[in-house]
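Report on the structure given below.
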Protein chains: 2
Amino acid sequence: MKIAVLGTGMVGVAIASRLVECGHDVTMGARDAANEKAQAWVQRTKRSARAGTFRDAATAGEIVFNCTRGTGTLEALQQAGVAALKGKVLIDVSNPLDFSRGVPPTLTVSNTDSLGEQIQRTYSDARVVKTLNTLTAPLMVNPRLLPGDHVNFLSGNDAAAKATAAQILRQFGWKDSELIDLGAIQAARGAEAWLLLWVSVMGALGTPMFNLNLTAAPQD
Amino acid sequence: MKIAVLGTGMVGVAIASRLVECGHDVTMGARDAANEKAQAWVQRTKRSARAGTFRDAATAGEIVFNCTRGTGTLEALQQAGVAALKGKVLIDVSNPLDFSRGVPPTLTVSNTDSLGEQIQRTYSDARVVKTLNTLTAPLMVNPRLLPGDHVNFLSGNDAAAKATAAQILRQFGWKDSELIDLGAIQAARGAEAWLLLWVSVMGALGTPMFNLNLTAAPQD
């Protein structure tokens with residue numbers, strides 16, 4: 001499929017590269033069409049890889065991944081524009097992390113709202129799916145780097161959009177049993193708030209290469 | 001040991017009962033010495049079980065468990081009083097959940113602060129350890145009800161206090177490898193924020209009888 005990846009950071013590059021590996025045509029979007037990181041990615045990737053502005057990418061993509069930094073997401077999507085996002089599955093991987101007061105970061109929006117909800121409210125014709133924001137980039141696109149099962153959450157108001165996202169997640173290596181549908185986009189509050197715990201756990205374990213699994217009691 | 005359990009709800013009763021099972025002398029504290037739930041617990045429990053005011057309990061206990069509802073915690077501790085808490089290990093199991101706008105709940109304090117930190121700031125001579133707040137009461141006190149390993153976080157500024165808490169947690173059935181020290185009490189922000197995700201996961205799984213485990217990549 002034709003997929004847009006907005007963002008040129010570690011997450012954007014990991015997702016864009018993996019999508020190309022999975023056979024998709026990917027356009028990486030940045031603020032400027034001449035963005036050096038995007039151009040370098042195209043050079044490295046060669047096949048099925050293009051770069052352009054946020055609007056170029058969103059227009060070209062049938063599906064749009066938002067991999068921009070959370071503090072810049074709304075501006076990036078504004079540059080992409082309502083028309084380019086209309087009706088599309090918008091997979092939101094971003095986290096509203098604010099490092100301006102140092103480490104640990106705080107969240108720019110939390111508790112009674114989330115970045116996922118802000119995006120869905122602002123682009124009501126887009127079909128937002130929050131997913132993959134709860135773990136580090138290498139594991140997002142290659143979950144089998146961890147021994148054993150672990151989980152990835154999805155939330156969003158459109159069931160078909162979540163099914164489309166799940167299809168791509170399976171291509172990345174996620175098992176169906178590892179994909180936890182949390183319901184409507186409001187559940188992004190919890191998935192984003194997890195980052196506050198994630199940062200502490202990373203400190204305790206000394207690596208970002210971890211994820212959570214869920215263990216439940218056998219039910220009658 | 002002599003242990004105070006502040007709070008007469010599901011969490012307080014579960015912890016108080018398990019502490020008695022483990023051989024401790026427990027005083028359950030409530031706003032009123034005549035609290036019916038506390039009296040009923042003493043009746044049921046018989047041995048090594050007493051009830052009193054928050055202050056009675058905190059005074060009697062060498063260790064104090066705060067199992068009050070998060071919205072009432074600071075008032076309950078105020079009733080217990082600075083003198084009764086001074087120098088003691090104060091194990092904080094509470095969550096700052098606000099159900100006043102219905103379900104899902106929001107947090108009364110989050111992101112840049114936590115209830116655990118508020119308690120430590122207010123009672124600077126107490127040795128606060130945040131733990132057990134991330135899972136449902138039956139699993140707090142009997143972790144082996146779940147198949148396989150899962151984790152329980154500790155945070156606090158006093159290493160010896162965390163070691164004392166860990167000793168009790170081992171009596172409850174927690175394995176050392178399941179106890180994750182997140183560092184100073186500031187990490188309570190993440191442990192409390194987890195509740196926003198916990199509520200969604202409970203909805204998705206259809207049971208509160210679950211917990212998270214951590215899976216990490218093998219390190220070189």
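In the stretch B:96-110, the qualifying residues are those that are part of a strand (DSSP E or B) and facing chain A (nearest Cβ under 8 Å), and the one that is surrounded by the fewest Cβ atoms within 10 Å (Cβ to Cβ) is B:THR106. Checked against the criterion of being more than 8 Å from chain B (Cβ to nearest Cβ) and at pLDDT below 95, the candidates A:ASP113, A:ASP158, A:ASP176, A:ASP220 yield just one match: A:ASP220. The number of residues in the stretch B:19-43 that are more than 13 Å from the chain's Cα centre (by Cα), part of a helix (DSSP H, G or I) and in contact (Cβ under 8 Å) with a residue 12 or more places away in the chain comes to 6.
Within the stretch A:1-43, being of a type in the set (Lys, Arg) and over 17 Å from A:ALA165 (Cα atoms) holds for A:ARG31, A:LYS37. A Cβ distance below 6 Å, combined with a sequence gap of six or more or placement on separate chains, defines the contacts here; from the stretch A:191-214, residues that are more than 7 Å from chain B (Cβ to nearest Cβ) reach residues that are in a helix (DSSP H, G or I) in the pairs A:PRO208/A:MET202.
On the stretch given as the stretch B:119-155, residues that are hydroxyl-bearing (Ser, Thr, Tyr) and either within 9 Å of another protein chain (Cβ to nearest Cβ) or free of Cβ contacts under 8 Å to residues at least 12 places away in the same chain (or both) total 3. With respect to (1) away from chain B (no Cβ under 12 Å); (2) among the β-branched types (Val, Ile, Thr); (3) surrounded by fewer than 22 Cβ atoms within 10 Å (Cβ to Cβ), the lone exception for A:VAL93 is condition (3).
The values are calculated or read from the model by the stated rules, or taken from the named source; none is laboratory data. Predicted model only: the values in this text are computed from it and were never measured. Positions of Cβ are backbone-derived with ideal geometry, glycine not excepted, and every protein chain shown enters the neighbour counts.
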